[in-house]
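Here is the structure we will look at.
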Amino acid sequence: NGEVEFENVSFSYDHRTTALHGVSFKVPAGSSVALVGESGAGKSTILRLLYRFYDLGPGEGRILIDGQDIRDVSQASLRAAIGVVPQDPVLFNTGIGYNIGYGKFDASSSEIEAAAQAAQMHERIMSFPDGYETKVGERGVRLSGGEKQRVAIARTLLKNPPILLLDEATSALDTSTEKDIQKALQNLQRGRSSLSIAHRLSTIASADLILVLKDGQIVERGSHKELLALD
Ligand code: ADP
Ligand code: ADP
């Protein structure tokens, strides 16, 4: 499970401008879709609608998860089904363990730290640099952008949702950090359906389907190979 379908979706934030117009596509369960296009093309709107940050009105099309209209799904089950890895994760001013485990465990419980350790082991995605052990329980920890990304990934891994929404960071991390994070994201995506706002060529090239958006419409779609063949 984890199949996502947009059926003729149109949306406007303010009834004057159109953010999406007649968008239809399908994400088969377990596959990856990369959303590309200029700023303002409608990429974030697609993710926000799927997460029901905004709701589609009547006549604006349908969004289905495993064949069910998401307007008929409770917020709680939708949140459980969808994991979000934002571009710039906002963390609590607490230790890493709490940040990873929040939402799943009570604050400051030893379970959180256990969860953090488990996440670290699991698929080896964490690989924090030196000092990780002490940072787990510490409060008021300052983390680098790369560390924040790892925390966000670990948090999502623990939640274990069938669907992922990824907003790829545009800001440059150092190369080795970026490689680690890319690897962690790839591990996270394995076996899940994903929609990514993609900026890196590697993400675009590895996606099962690329959707090119312009002014709220899909103007090209296909695999990397297929799209290259168009030129
Ligand atoms: P992208 O993610 O591709 O940069 P968006 O989905 O954020 O594009 O935006 C699509 C369109 O909707 C743009 O014209 C943008 O200005 C508009 N838009 C986005 N968010 C809002 C908002 N909260 N209120 C009004 N208009 C918005
Ligand atoms: P952006 O910074 O990309 O323009 P906004 O500031 O409009 O996004 O987002 C407003 C709120 O919506 C933020 O609190 C953010 O966490 C949430 N949000 C944005 N995109 C998503 C998404 N795809 N899934 C869940 N929440 C989102």
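The values are calculated or read from the model by the stated rules, or taken from the named source; none is laboratory data. Here the structure is a predicted model, which is why all the values come from computation and not from measurement. Cβ coordinates were reconstructed from backbone atoms using ideal geometry, including for glycine residues, and neighbour counts include every protein chain displayed. The accessibility values were calculated without ligands, DNA or RNA, using every heavy atom of the protein model including side chains. Shrake-Rupley method; radii C 1.70, N 1.55, O 1.52, S 1.80 Å.
Remarks
- Prolate/oblate/rounded call for the range 11-80, Cα gyration tensor, a/c under 1.5 rounded: oblate
- Neighbour cut-off at most 12 other Cβ (10 Å), DSSP loop, chymotrypsin sites (Phe, Trp or Tyr not before Pro), the range 7-51: Tyr13
- Electrostatic bookkeeping for Leu166 treats Lys and Arg as +1 and Asp and Glu as -1; over the other residues with beta carbon under 12 Å from its beta carbon, the sum is +1.
- Ranked order, Leu64, Leu143 - accessible area, probe 1.4 Å, largest first: Leu143, Leu64
- Most positive-pole-ward Cα, Asn160, Leu209, Gln189, against dipole of the range 144-231 from beta carbon charges: Asn160
- Ranking by accessible area, most exposed first, for Thr18, Thr156 with a 1.4 Å probe: Thr18, Thr156
- Taking every protein chain into account, the 1.4 Å probe leaves Asp167 with about 40 Å² of accessible area, to the nearest ten.
- Placing Val212, Val4 in order of accessible area, with the largest value first and a 1.4 Å probe, yields Val212, Val4.
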